[in-house]
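Notes to accompany the following structure.
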Amino acid sequence: MSSSAASEAGGITSSDYIQHHLHNNSIGEGGFWVLNLDTLFYSWLIAGVMMYVAYTMGKKMTSDTPSGGQNVLEALVEFVQQQIKDIFPGTNALVGPLALTIFVWVFLMNAMDLLPVDLLPAIGQMVGIEHMRVVPTTDLGTTFALALSVFALIIYYNIKIKGPMGYLKTFLFHPFGKYLIPVNIVMTTIEELAKPISLGLRLFGNMFAGELIFMLIALLGGTSLLFGLIPQVVLSSGWAIFHILIITLQAFIFMLLTIVYLAMASQHMDDQKH
């Protein structure tokens, strides 16, 4: 039975259907201390699968007769390395693995949106789980956790490169010099805070919109084959194909901005030397 037919049979409106699918399986008192268990489960599950695949492929890698998986992995590593070479000044042992991990992890979390919107929630209801959201990046907690982790690294490298006083001087004398220190503090603080906010909100906004469109398409289904099921299948298939570009682009943008922000910290070091 389609989503629309099921909703009508159960007396559930389209609004109720969407609200149900946008509700996380959570515990906590509310506000900051709420834990979205479905977000944690699926993000950790994907991370675990990544580590297992990386471990098994690492043991089987060879220079003689590489497998198809090894070729894909090597192409992906070379692609990320090229982005770093084009943007990041000098060398850094952390940036490469960090960029690769971010790209693959964000892509796989985004790709959960390609599963049928009612599939895993329906399975969850069979075992007593009333609410389930399966796309971790449609949760602000996930996107801001990633963005704040990157921001913490930006602060760390700024302090490591310039020293605590050197980093403080950035807020005092940038961008307008020593005669406009109050304005400099405000402008530089806004500039720094905009980095994690833009990272987190961009990824969340695009993935949330994609999830919502899949739900709206699911509501088109009904008892009529011509006016319900066929348009639903056509639209969902077309949107899924287009959505593959979106989830890939969002993962790439998040990775690229991470490299850019870390490169900016390293570039400050070069400027200071000169």
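Odds and ends about this structure:
- Any chance S67 is hydroxyl-bearing (S, T, Y) and modelled with pLDDT of 90 or more: no
- Residue within the stretch 119-137 that is among the hydroxyl-bearing types (S, T, Y), modelled with pLDDT of 95 or more and touching a Gly at 6+ places or on another chain (Cβ under 8 Å) present: no
- Selected residue (criterion: modelled with the lowest pLDDT) from residues of the stretch 14-55 that are surrounded by 11 or more Cβ atoms within 10 Å (Cβ to Cβ) and among the hydroxyl-bearing types (S, T, Y): S14
- Any hit, the stretch 131-145, residues being among the acidic types (D, E), crowded, with 20+ Cβ neighbours inside 10 Å and either more than 30 Å from I27 (Cβ to Cβ) or touching a residue at least 60 places away in the same chain (Cβ under 8 Å) (or both): yes
- Criterion applied to T39, T13 was being closer than 26 Å to F214 by Cβ and touching a Pro at 6+ places or on another chain (Cβ under 7 Å), and the one residue passing it is T39.
- Filtering E211, E192 for residues that are closer than 14 Å to T258 by Cα, at pLDDT 85 or above, in a helix (DSSP H, G or I) and among the acidic types (D, E) leaves a single hit, E192.
- Residue match in the stretch 166-184 (condition: of a type in the set (F, W, Y), at pLDDT 90 or above and either surrounded by 20 or more Cβ atoms within 10 Å (Cβ to Cβ) or not in a helix (DSSP H, G or I) (or both)): no
- Helices (runs of 4 or more DSSP H) wholly inside the stretch 36-135 that include at least 1 residues being under 16 Å from F252 (Cβ atoms) and out of contact with any strand residue (DSSP E or B) (no Cβ under 7 Å at 6 or more places or on another chain): 68-87, 95-111
- Subset of the stretch 156-207 [of a type in the set (A, V, I, L, M, F, W, C) and under 19 Å from L146 (Cβ atoms)]: L193, A194, I197, L199, L201, L203, F204, M207
- Lone unmet requirement of (1) over 30 Å from L94 (Cα atoms); (2) in a helix (DSSP H, G or I) for V150: (1)
- Residue in the stretch 249-256 that is part of a helix (DSSP H, G or I), under 30 Å from G90 (Cα atoms), at pLDDT below 90 and of a type in the set (A, V, I, L, M) present: no
The values are calculated or read from the model by the stated rules, or taken from the named source; none is laboratory data. Fair warning: this is a prediction, and the values are worked out from it, not measured in the lab. No Cβ is skipped: glycine too gets one built from the backbone with ideal geometry, and neighbour counts run over all protein chains shown.
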